[in-house]
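The structure appears right after this line, and notes come after that.
The values are calculated or read from the model by the stated rules, or taken from the named source; none is laboratory data. What you are looking at is a predicted structure, and each value in this text was computed from that prediction instead of being measured. All Cβ positions, glycine included, derive from the backbone under ideal geometry; neighbour counts span all protein chains shown. Please note that ligands, DNA and RNA were not included when accessible areas were found on the heavy atoms of the full protein model with its side chains. Shrake-Rupley method; radii C 1.70, N 1.55, O 1.52, S 1.80 Å.
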Amino acid sequence: MKGLLRNPPLSLYVHMPWCVRKCPYCDFNSHAVKDSFPAEKYIEALLADLEQELPLTWGRPVQSIYFGGGTPSLFSAGQVENFLSAARARLDLRPDVEITLEANPGTIERDSFSAYAQAGVNRVSLGVQSFDDELLRAIGRIHGRAEIDQSLQSLHRSGIANFNIDLMFALPGQTFAQSRHDIEQAIQAGPAHISFYHLTIEPNTAFAQRPPQLPDDDAAWEMQQNGLELLEKNVYMQYEISAFAQQDKHSRHNMNYWRYGDFLAVGAGAHGKITTPADGRVQRYVKHRHPGRYLQGLESGDWRAETRLLNDAELVFEFFLNQLRLKQGVSVDDFSPRTGLPWLAAEARVQKALDKGLLEAVNERLRPTELGWRFVNDIQQLFLP
Ligand code: SF4
């Protein structure tokens, strides 16, 4: 049994793996819908999968549920509701549980968000990416400006004020003025949260095979700096490299992930991390990735493709990995409860980061300095197993 462990907060991630079509830059586990997809059967599979996870988390309250994808809004509000009612019966959901649904413009009917709200969804993350029709075409999105406006109207009618807009910059052929216009439009839409990402070309994507002409590094840097300024001027404060929120509107789910909390995960290719009750060790697991293979679990009861117990070096690395992306940095007090290790296990690496001026110690927290913030990858490397 590991010493010092206390169970960290617990969240549930639900992966919905279908999209209308595959975007050329996307390396997520998403599959283009051909004529139809087995939505009802998939919900049945998610619940059977969840059932098998329950012994790992008995009695622990769940603080957030996140439907990610793929495009979860391809599932009807009724299907989401069926999942949530069954999940409520099986899990101890906190009264203020945050329930987020990722949605893409072009997949939202007029009153969809009201129906999702009735199903229990209280936060939406809308995959806008850009407000410019030409740029949206360049990145292969199925929607244009008209669909974005329709989604935003549906969202405002639904009363879900806690919503996020996903926005990308450094898109093919994008100018500084276009990037600025995108941010202004996003702010004007009045979300509680904006995620502002650099488009990156990932291996095994259509863009990796046929790379588009992208703005150069200097141009991308200017877009990013201008975005940060505009967002902070409009009280969207940066709390993670790509995440900006109005006061108290951080994504609770993502914060738990970044702060090395625990995650149940159901759905094709979903990744979970759980502190196991029997011995206090930390396990990571991943579900079968292909939806067809995942659905076979309904017959075989076999949902996991891999389960791994983390060793001490991995625990140290993982604890620091994502927290160093947070403006608030890392709480030293969380280290032992979340890893089961004494602080000594991390001390030498932390000292190195302090000596290099990449981290600073402030009130029992370790925060990236201005230099560290610019070179987060370098700090992360210091913690590699
Ligand atoms: S909509 Fe999102 S998940 Fe689906 S293919 Fe495009 S980027 Fe990937």
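Computed as a quarter of the hull surface, the mean projected area of the alpha carbon convex hull for region 61-130 stands at 4.8 nm². Solvent-accessible area per residue in region 258-312 equals 40 Å², computed with a 1.4 angstrom probe and all protein chains kept.
Sorting 113-126, 314-327, 133-146, 292-305 by their mean Cβ neighbour count within 10 Å, with the most densely packed peptide first, gives 113-126, 314-327, 133-146, 292-305. Under 29 Å of direct C-alpha separation, and excluding same-chain neighbours fewer than eight residues apart, LYS273 reaches these lysines: LYS2, LYS22, LYS41, LYS249, LYS287, LYS327, LYS352. Calculate I(q)/I(0) for the chain by the Debye formula, one identical point scatterer on each C-alpha and no solvent, and give its log10 at q = 0.07, 0.14, 0.15 Å⁻¹ to two decimals. The calculated log intensity ratios at q = 0.07, 0.14, 0.15 Å⁻¹ are -0.32, -1.39, -1.55.
Only one residue of GLY78, SER158, GLN188 has its Cα farthest out toward the positive end of the dipole of the chain, where Lys and Arg carry +1 and Asp and Glu -1 on Cβ, and that residue is GLY78. Averaging 1/r across all pairs of distinct Cα atoms in region 1-92 and inverting the result yields a Kirkwood radius of 14.9 Å.
Assuming R0 = 25 Å, can you tell me the calculated FRET efficiency for the pair LEU298 and ASP35, based on Cβ-Cβ distance, to the nearest 0.05? Could you put the intermediate results ahead of the total?
Numbers: r = 21 Å, r/R0 = 0.86.
Plugging the Cβ-Cβ distance into 1/(1 + (r/R0)^6) gives 0.70.
Would you mind checking region 67-96 for residues with the amide N under 14 Å from a putative spin-label position 7 Å along Cα→C-beta of PHE28? It comes to 67-75, nothing else. Put a dot 7 Å past the Cα of ALA348, heading toward its Cβ, do the same for HIS271, and the two dots end up 2.7 nm apart. For the chain, the Cys residues with no second cysteine's beta carbon closer than 4.7 Å are CYS19. The apolar share of the surface of the chain, taken as the fraction of accessible area on carbon and sulfur atoms (1.4 Å probe, ligands and nucleic acids excluded), comes to 48 percent.
Per residue, the accessible area of region 79-216 comes to 43 Å² when a 1.4 Å probe rolls over the protein heavy atoms.
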